[in-house]
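Here's the structure, in C-alpha coordinates; my notes come after.
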(Lines give C-alpha, C1' and ligand atoms only; values in the text may rest on other atoms or scores of the structure.)
Protein backbone atom coordinates (compact mmCIF):
# COMPACT_ATOMS: atom_id res chain seq x y z
CA UNK A 1 0.00 0.00 0.00
CA UNK A 2 1.51 3.25 -1.11
CA UNK A 3 -0.84 5.62 0.72
CA UNK A 4 -0.85 5.84 4.49
CA UNK A 5 -3.20 8.01 6.52
CA UNK A 6 -3.14 8.99 10.16
CA UNK A 7 -6.66 8.78 11.62
CA UNK A 8 -6.94 10.85 14.79
CA UNK A 9 -9.75 11.00 17.31
CA UNK A 10 -10.03 13.58 20.04
CA UNK A 11 -11.59 13.85 23.48
CA UNK A 12 -14.48 11.70 24.67
CA UNK A 13 -14.55 9.56 21.53
CA UNK A 14 -13.32 6.71 23.72
CA UNK A 15 -16.81 6.89 25.29
CA UNK A 16 -18.66 6.08 22.06
CA UNK A 17 -21.32 3.44 22.59
CA UNK A 18 -22.01 4.85 26.07
CA UNK A 19 -22.04 8.60 25.47
CA UNK A 20 -25.29 9.98 24.03
CA UNK A 21 -26.06 7.09 21.66
CA UNK A 22 -28.94 9.13 20.23
CA UNK A 23 -26.38 11.63 18.93
CA UNK A 24 -23.29 9.51 18.33
CA UNK A 25 -24.71 6.02 17.72
CA UNK A 26 -24.30 2.75 19.57
CA UNK A 27 -20.98 1.60 18.10
CA UNK A 28 -17.79 1.86 20.12
CA UNK A 29 -14.66 3.50 18.80
CA UNK A 30 -13.03 0.05 18.71
CA UNK A 31 -15.84 -1.20 16.43
CA UNK A 32 -15.50 1.87 14.22
CA UNK A 33 -11.76 1.27 14.02
CA UNK A 34 -12.27 -2.33 12.84
CA UNK A 35 -14.71 -1.17 10.14
CA UNK A 36 -12.44 1.68 9.08
CA UNK A 37 -9.38 -0.59 8.88
CA UNK A 38 -11.25 -3.13 6.74
CA UNK A 39 -12.47 -0.37 4.41
CA UNK A 40 -9.01 1.21 4.17
CA UNK A 41 -7.40 -2.11 3.33
CA UNK A 42 -10.02 -2.69 0.64
CA UNK A 43 -9.13 0.57 -1.11
CA UNK A 44 -5.38 0.20 -0.65
CA UNK A 45 -4.74 2.62 2.19
CA UNK A 46 -2.76 1.82 5.33
CA UNK A 47 -4.04 3.61 8.42
CA UNK A 48 -2.82 4.32 11.91
CA UNK A 49 -5.94 4.84 14.05
CA UNK A 50 -5.49 6.70 17.37
CA UNK A 51 -7.49 8.40 20.11
CA UNK A 52 -6.56 10.68 22.99
CA UNK A 53 -8.31 13.04 25.36
CA UNK A 54 -5.29 15.35 25.43
CA UNK A 55 -4.81 18.28 23.07
CA UNK A 56 -1.01 18.26 23.30
CA UNK A 57 -0.87 14.57 22.37
CA UNK A 58 -2.90 15.30 19.23
CA UNK A 59 -0.48 18.11 18.38
CA UNK A 60 2.50 15.78 18.89
CA UNK A 61 0.92 13.10 16.69
CA UNK A 62 0.24 15.65 13.94
CA UNK A 63 3.89 16.77 14.07
CA UNK A 64 5.06 13.14 13.92
CA UNK A 65 2.91 12.58 10.81
CA UNK A 66 5.22 14.68 8.67
CA UNK A 67 7.30 12.34 6.53
CA UNK A 68 5.40 9.26 7.74
CA UNK A 69 1.89 9.74 6.33
CA UNK A 70 0.46 11.23 3.17
CA UNK A 71 -2.71 12.53 4.81
CA UNK A 72 -4.67 12.98 8.01
CA UNK A 73 -8.30 12.28 8.84
CA UNK A 74 -9.20 13.90 12.14
CA UNK A 75 -12.24 13.91 14.37
CA UNK A 76 -11.07 16.57 16.81
CA UNK A 77 -14.12 16.23 19.05
CA UNK A 78 -14.63 19.29 21.24
CA UNK A 79 -11.19 20.63 20.27
CA UNK A 80 -12.76 21.47 16.90
CA UNK A 81 -14.32 24.53 18.49
CA UNK A 82 -11.49 25.59 20.79
CA UNK A 83 -8.06 24.60 19.53
CA UNK A 84 -5.92 27.11 17.71
CA UNK A 85 -3.07 24.69 18.54
CA UNK A 86 -4.57 21.97 16.31
CA UNK A 87 -5.02 24.45 13.48
CA UNK A 88 -1.43 25.62 13.85
CA UNK A 89 -0.09 22.04 13.93
CA UNK A 90 -2.06 21.02 10.83
CA UNK A 91 -0.95 24.17 9.01
CA UNK A 92 2.68 23.53 10.04
CA UNK A 93 2.84 19.99 8.65
CA UNK A 94 0.87 20.88 5.52
CA UNK A 95 -0.55 17.40 4.98
CA UNK A 96 -3.91 17.03 3.23
CA UNK A 97 -6.46 16.77 6.04
CA UNK A 98 -10.13 15.87 6.19
CA UNK A 99 -12.16 16.87 9.24
CA UNK A 100 -14.69 14.25 10.38
CA UNK A 101 -17.64 14.48 12.78
CA UNK A 102 -20.07 11.68 13.54
CA UNK A 103 -22.96 14.08 14.18
CA UNK A 104 -24.14 16.97 12.06
CA UNK A 105 -22.53 19.78 14.04
CA UNK A 106 -24.65 22.35 12.19
CA UNK A 107 -27.85 20.80 13.53
CA UNK A 108 -26.59 21.15 17.10
CA UNK A 109 -25.70 23.96 19.50
CA UNK A 110 -24.48 27.20 17.93
CA UNK A 111 -21.01 26.94 19.52
CA UNK A 112 -20.43 23.76 17.47
CA UNK A 113 -20.89 25.65 14.19
CA UNK A 114 -17.36 27.12 14.35
CA UNK A 115 -14.29 25.02 13.62
CA UNK A 116 -10.64 25.96 14.01
CA UNK A 117 -9.73 22.89 11.92
CA UNK A 118 -11.89 23.62 8.85
CA UNK A 119 -9.73 26.48 7.51
CA UNK A 120 -6.79 24.08 7.09
CA UNK A 121 -8.78 21.05 5.92
CA UNK A 122 -9.52 19.90 2.38
CA UNK A 123 -13.10 19.40 3.51
CA UNK A 124 -15.43 18.51 6.34
CA UNK A 125 -17.59 15.40 6.59
CA UNK A 126 -20.26 15.52 9.27
CA UNK A 127 -23.52 13.84 10.12
CA UNK A 128 -22.95 10.43 8.53
CA UNK A 129 -21.83 8.60 11.66
CA UNK A 130 -18.96 6.12 11.27
CA UNK A 131 -19.33 6.24 7.48
CA UNK A 132 -17.62 9.63 7.73
CA UNK A 133 -14.25 7.94 8.25
CA UNK A 134 -14.69 5.93 5.05
CA UNK A 135 -15.75 9.04 3.15
CA UNK A 136 -12.68 10.87 4.47
CA UNK A 137 -10.35 8.07 3.33
CA UNK A 138 -12.01 8.01 -0.08
CA UNK A 139 -11.57 11.77 -0.41
CA UNK A 140 -7.92 11.61 0.64
CA UNK A 141 -7.21 8.79 -1.81
CA UNK A 142 -8.75 10.76 -4.69
CA UNK A 143 -6.90 13.89 -3.66
CA UNK A 144 -3.55 12.10 -3.44
CA UNK A 145 -3.97 10.23 -6.76
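Values as computed for the structure displayed
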{"item": "Residue that is surrounded by the most Cβ atoms within 10 Å (Cβ to Cβ), among those in the range 15-45 that are at pLDDT below 95 and not in a loop (DSSP other than H, G, I, E, B)", "result": "24"}
{"item": "Hey, residue 95 within 16 Å of residue 6 (Cβ to Cβ), crowded, with 18+ Cβ neighbours inside 10 Å and either touching a residue at least 24 places away in the same chain (Cβ under 8 Å) or touching a strand residue (DSSP E or B) at 6+ places or on another chain (Cβ under 7 Å) (or both) or not", "result": "yes"}
{"item": "Subset tally (residues that are within 17 Å of residue 96 (Cα to Cα) and free of Cβ contacts under 8 Å to residues at least 60 places away in the same chain) for the range 32-59", "result": "5"}
{"item": "Matching residues in the range 46-68 - criterion: being crowded, with 18+ Cβ neighbours inside 10 Å and more than 14 Å from the chain's Cα centre (by Cα)", "result": "none"}
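The values are calculated or read from the model by the stated rules, or taken from the named source; none is laboratory data. Note that this is a predicted model, so its numbers are computed, not measured. Positions of Cβ are backbone-derived with ideal geometry, glycine not excepted, and every protein chain shown enters the neighbour counts.
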